[in-house]
Amino acid sequence: MPSSICSLSEISDASAGGKAYGLARLVSMGLPVPPAFVLRDASADEFPDELDQRYLDLGKAEVAVRSSALGEDGQDASFAGQYDTVLNVTGTQQLREAVVQCVASASHERARSYQQAQTGATAITMNVVVQAMVNARVAGVVFTADAVSARRDLLVIDAVAGLGEALVSGEATPDHYGVDRSGAIVRRQLTGAEPLLGDREISAIAEQARAAASHEGHPLDLEWAIDEDGTLYWLQARPITTLPADLNEFDTVLPRPDDVLTISNVSEMMPGAVCPLTGSFTGWGIDYGLQDMQVAVGARPAIVKDWQVTAWAYGHLFLNMTGNVVMSAAVLGSTVEQAAQSLCGRLVPELKPFPPQPLWRRVINTAKLLRYCLRAPGVVDDFGRELDRFVIENKTDSKAMWAELAAKSAFFDHAMAVHIQSSALSGFLCSIVENMVSGRSNDSTGEEQAEAVRLLAGASGVESAVMLEELDRLIDRIVAHPEAPESFQRASVADALGWLGNTAEVAPDYASFMHEHGHRGYRELCMRDPSWGNDPSPLIQSMQAAVHARLVTGGHTQLHTEAIAWASLSRGLRWVLPKAHNAIRRREHTKSQLVDVAHRFKQGFRQLGNLLQAEGTLPEADLVNFFSTDELPGFVAAPSQAAVQRALARREALTYQQRFEFPEISVGIPAPLEVRTIDTSEGVLHGRPASRGVVEGIARVAHTLAEAAELQPGEILITPITDIGWTPYFSLIGGLVTDLGSAVSHGAVIAREYGLPCVVNTRDGTRFFRTGDRIRLDGDKGLVEAL
């Protein structure tokens with residue numbers, strides 16, 4: 001086909017190549033684009049008769065000659081850098097030479113190999129864009145989604161002085177800016193003393209780029225330039241080809257736009273990002289349980305399906321504190337300050353109260369609240385009998401398996417409601433103990449908090465502590481065996497597990513422990529993360545570390561509960577403290593029951609995944625975790641390849657979501673934290689005392705269990721939060737510091753059982769210190785100090 005020339009306004013599809021089509025789309029949106037024309041089916045041997053005139057019509061200016069091959073700058077592949085671009089072309093002879101160079105670049109082995117890998121074809125149809133150059137003061141690129149973090153709510157701009165080609169080629173380091181969904185500039189990284197772009201220019205680039213992306217229906221990568229007169233021009237537009245699924249696909253809508261959210265509390269049950277199945281199943285279960293409590297006490301008329309008390313954003317679960325404090329407006333003696341102390345261990349100034357209900361209604365609701373709390377023991381007993389009868393049957397086809405899961409799913413919501421009712425009584429009595437110790441309401445000092453914690457730690461027979469005792473005995477038996485160093489401690493996880501199960505001296509204790517606690521594990525309520533019973537590898541790895549510590553030191557930290565001098569307590573404390581201890585035991589028991597129910601559903605969903613894979617519907621059973629509970633019935637009934645591809649993209653998205661960290665408190669939809677500098681000049685970090693004592697030692701910062709496996713005996717563990725999966729490491733460490741949590745968080749409870757100093761809710765502990773720092777941990781005052 002002979003070469004021909006067309007204007008950008010004449011291009012209506014990608015037949016002129018991705019680059020030309022992208023420019024044509026920008027023109028159709030009314031965005032400022034330097035004048036240009038396109039050579040269709042460009043040839044190195046002959047040129048259209050009107051080529052010279054079309055060049056002259058551009059005003060005899062310098063032009064850029066760019067490739068626009070079929071498939072280039074498309075949604076499937078960018079072809080970035082595969083073909084040639086020639087800048088600063090002047091005169092018709094140079095124009096012809098530049099066209100020949102672009103056409104010839106299609107024959108380069110590099111380009112042909114890339115073309116074949118991306119499209120399966122070797123023949124390349126080359127079109128060429130001839131565009132007037134901008135006398136650029138500053139130029140660069142803008143991504144309407146951050147290709148590094150995959151955040152579609154964060155627009156990023158890179159800018160260099162002069163032409164943008166130095167940026168694209170990597171020859172220049174750019175200024176870097178980030179703009180959030182509200183238009184606020186949240187990132188500003190400069191290469192020089194002065195920014196290359198002013199705030200108005202950043203806003204103009206962001207607004208026009210987002211308008212283009214909205215028009216096209218997908219994120220874009222655009223090149224731009226600002227000339228010496230300050231006019232913004234658009235030079236190129238193409239889809240971003242490297243993004244996973246939308247990280248905000250399952251974000252819930254807040255009941256009120258300025259609701260206050262926190263990662264405290266809920267992050268202990270579910271740290272990190274969760275898959276769609278867990279979010280829609282477990283996340284909703286938490287919301288259901290909390291709404292159930294509010295309905296029971298008259299704070300809410302009915303349970304509604306829209307999330308009210310929790311939230312889901314960027315794949316992470318949050319507690320909606322505003323949704324929780326409807327209780328404060330509904331009952332007597334409850335305040336937002338109390339709610340903040342209970343959930344975050346501190347006051348939260350951003351949290352505002354609702355207008356109170358009429359006094360007569362609050363009196364009635366207060367009676368309902370007392371009845372709700374006092375009925376908890378009986379409700380827990382009844383639930384135990386229900387749980388004994390509860391079974392999820394394995395089916396032999398996916399439709400029957402989904403029907404079984406769907407029919408039984410309400411039992412998980414019920415289990416969550418029971419645990420929350422049990423926790424409400426525990427929280428209520430623990431607050432009374434703290435207030436009685438301090439003599440004030442929600443205004444206790446660090447020392448008074450520590451004393452209240454010491455008294456509450458006197459509860460015996462707590463299920464989590466019983467598990468620790470059994471685990472300690474098992475590890476002691478392993479250490480006593482002469483083969484332990486070689487066959488267990490230094491062996492691979494698989495070999496250590498095999499030895500454990502086949503060695504007569506330890507196998508019965510291990511089997512007994514797994515029978516009682518095999519439903520526990522890391523991220524216990526996540527439907528995707530296996531329990532110890534399904535995958536004991538994390539447990540074995542932590543036991544190997546504990547065995548190593550005991551072999552090295554000849555001992556370990558013993559479980560320890562400080563005796564309470566009952567005679568020295570006030571009459572009121574002597575009356576309420578045993579009741580608080582009972583409530584703590586009951587709360588830990590219902591948590592174990594809830595995890596047991598979650599474990600059964602994990603097995604059911606795993607069976608569903610296996611069946612879908614066996615039936616040829618899913619390529620991998622794991623992909624069942626990347627459908628929401630609303631999507632599964634439709635997919636099981638009528639599977640589609642498009643749905644499978646969405647699940648694959650969501651699994652890729654989860655790896656990005658797991659990297660995000662969030663502020664403890666957010667107003668409105670939370671946004672991931674930007675990298676920030678922590679002021680360590682004072683060398684002291686303040687938190688909430690959770691277990692008494694002072695210890696000095698080496699810090700070990702661990703965000704994951706894999707990092708915790710590097711712990712050495714006596715080190716002080718610093719981590720965002722712990723759950724039951726971290727428990728085996730407590731006999732190894734010298735103390736605990738957490739970014740989040742309260743006095744009743746898992747880490748605080750277990751630290752008290754071992755008599756380990758512990759400070760929680762430091763907010764920045766994992767960023768303030770580094771592994772290897774020598775620190776002093778003061779669990780009496782809630783201080784962590786660099787030495």
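Some points to look at:
- 16 Å reach of a label modelled at residue 253, 7 Å along Cα-to-Cβ, counting backbone N of segment 649-673: 669
- Note on exposure: 395, 305 ranked by accessible area (1.4 Å probe, complete protein assembly) read 305, 395, with the most exposed listed first.
- 0 to 90° range, to nearest 10: angle between helix 537-553 axis and the chain longest Cα axis: 60
- Cross-link pairs exceeding 25 Å in C-alpha to C-alpha distance, out of 305/395; 305/408; 408/591; 19/60; 305/602, comprise 305/395.
- Accessible-area ranking of 591, 60, 368, largest first, probe 1.4 Å: 60, 368, 591
- The residue 511 and residue 460 beta-carbon pair, evaluated with R₀ = 25 Å, returns a calculated FRET efficiency of approximately 0.45.
- Principal semi-axes of the equivalent ellipsoid, √(5λ) from the alpha carbon gyration tensor of segment 445-554, are 29, 19, 13 Å from largest down.
- Spatial offset of segment 615-675 relative to segment 264-323 amounts to 18 Å, using the alpha carbon center of each.
- Computed over the chain, relative contact order equals 12 percent, with contacts defined as Cα pairs under 8 Å that lie 6+ residues apart.
- Stretching residue 388 away from residue 347 to a fully extended chain increases their span by 10.7 nm, per 0.36 nm per residue minus the current alpha-carbon distance.
- Protein heavy-atom accessible surface, 1.4 Å probe, per residue over the chain: 41 Å².
- Heavy-atom accessible surface of the chain: percent carbon and sulfur, 1.4 Å: 51
- For q = 0.06, 0.09, 0.10 Å⁻¹, Debye-computed log10 I/I(0) when each Cα of the chain counts as one equal scatterer: -0.49, -0.95, -1.08
- When nucleic acids and ligands are ignored and a 1.4 Å probe is applied, residue 293 ends up with an accessible area of around 30 Å².
- Against the criterion of solvent-accessible heavy-atom surface with a 1.4 angstrom probe, 773, 227 sort, most first, into 773, 227.
- Seen against the Cα atoms of the chain and their longest principal axis, helix 91-105 is set at about 50 degrees.
- Candidates per GluC sites (Glu not before Pro) in segment 596-680, loop by DSSP, up to 11 other Cβ within 10 Å: 674
- Segment 286-383 shape via C-alpha gyration tensor axes, a/c threshold 1.5: oblate
- From most to least packed by mean Cβ count within 10 Å, the peptides 31-37, 654-660, 140-146, 699-705 give 140-146, 699-705, 31-37, 654-660.
- In this view, the solvent-accessible surface of residue 602, computed with a 1.4 Å probe and all protein chains in place, comes to about 0 Å².
- Measuring between their Cα centroids, segment 496-526 and segment 391-435 lie 24 Å from each other.
- Calculated FRET value between residue 476 and residue 785, using beta carbons and R₀ = 41 Å, to 0.05: 0.75
- Remark on segment 392-468: hydrodynamic radius 16.1 angstrom, per the Kirkwood mean of 1/r across alpha carbon pairs.
- Global geometry of segment 8-56, whether rounded, prolate or oblate, following the gyration tensor of its Cα atoms and the 1.5 cut on a/c: oblate
- Overall shape: rounded for segment 673-787, with the ratio a/c of the largest to smallest alpha carbon gyration tensor axis below 1.5.
- Rounded tilt (10° steps) of 463-480 against the dominant C-alpha axis of the chain: 90
The values are calculated or read from the model by the stated rules, or taken from the named source; none is laboratory data. No experiment lies behind these values; they were computed from the predicted model shown. We place every Cβ from the backbone using ideal geometry, glycine too, and count neighbours over all the protein chains shown. Side chains included, ligands, DNA and RNA excluded: accessible areas come from the protein's heavy atoms. Shrake-Rupley method; radii C 1.70, N 1.55, O 1.52, S 1.80 Å.
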